[in-house]
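Undergrad: Below is one structure. I have some questions about it.
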Amino acid sequence: MTGFLIALHTLVSFLLISVILMQASQGGGLSGTFGGQAASSVLGGQNAGNVLSRITTWLATLFLSLAVVISMLSGPSSKDTTSIVKQAAEDRPIVPSTEQIQPNSDATLDLGGDQ
């Protein structure tokens, strides 16, 4: 299912890019390159910008919605929400404690001197 949503997201991405590039900006955009006059006559002179703006809005909304759904589906599951540090602490091997050897208070230390 995630693969299908990613493929749909890619398709929406390409459609969104192409619709944005077809919109006329101050420089004319790519609408004139790909027959902007034909698009204006089909969509109507005044309504061409409005239709492209509406399509852009719908595609952008669909793009963001798909991004959120894909991230929720492919995110970590609820059982894996513990931190990495906590998992490492639990997996750490238990080292046996070393007993500290206390010197006997009755024993005297012989440094090798003659008495």
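The values are calculated or read from the model by the stated rules, or taken from the named source; none is laboratory data. No experiment lies behind these values; they were computed from the predicted model shown. Note that we place each Cβ from the backbone using ideal geometry, even for glycine, and neighbour counts take in every protein chain shown.
Undergrad: State whether one or more residues within the stretch 67-82 are at pLDDT 70 or above, basic (K, R) and either exposed (fewer than 10 other Cβ atoms within 10 Å of the Cβ) or assigned to a helix (DSSP H, G or I) (or both). Spell out the reasoning first.
TA: The first filter runs over the stretch 67-82 and keeps only residues at pLDDT 70 or above, leaving 67-76.
Going one step further and asking which of them are basic (K, R), we end up with none.
No, the conditions are met nowhere in the stretch 67-82.
Undergrad: Within the set of pairs 6 or more residues apart or between chains, which connect a residue that is part of a helix (DSSP H, G or I) inside the stretch 6-18 to a residue that is among the aromatic types (F, W, Y) with Cβ atoms less than 6 Å apart?
TA: Correct list of pairs: V12/F63; L16/F63.
Undergrad: Might you let me know whether the stretch 22-31 holds any residue that is modelled with pLDDT of 85 or more and assigned to a helix (DSSP H, G or I)?
TA: So in the stretch 22-31, the residues modelled with pLDDT of 85 or more come out as 22.
Now restrict to residues that are assigned to a helix (DSSP H, G or I): 22.
Checked the stretch 22-31: at least one residue is modelled with pLDDT of 85 or more and assigned to a helix (DSSP H, G or I).
Undergrad: Give the residues of the stretch 3-18 that are out of contact with any helix residue (DSSP H, G or I) (no Cβ under 9 Å at 6 or more places or on another chain) and under 12 Å from T56 (Cα atoms), sorted by residue number. Before the answer, list the steps.
TA: Step one: list which residues in the stretch 3-18 are out of contact with any helix residue (DSSP H, G or I) (no Cβ under 9 Å at 6 or more places or on another chain), which gives 3-4, 7, 10-11, 14, 17-18.
Of everything in the stretch 3-18, those that are out of contact with any helix residue (DSSP H, G or I) (no Cβ under 9 Å at 6 or more places or on another chain) and under 12 Å from T56 (Cα atoms) turn out to be F14, I17, S18.
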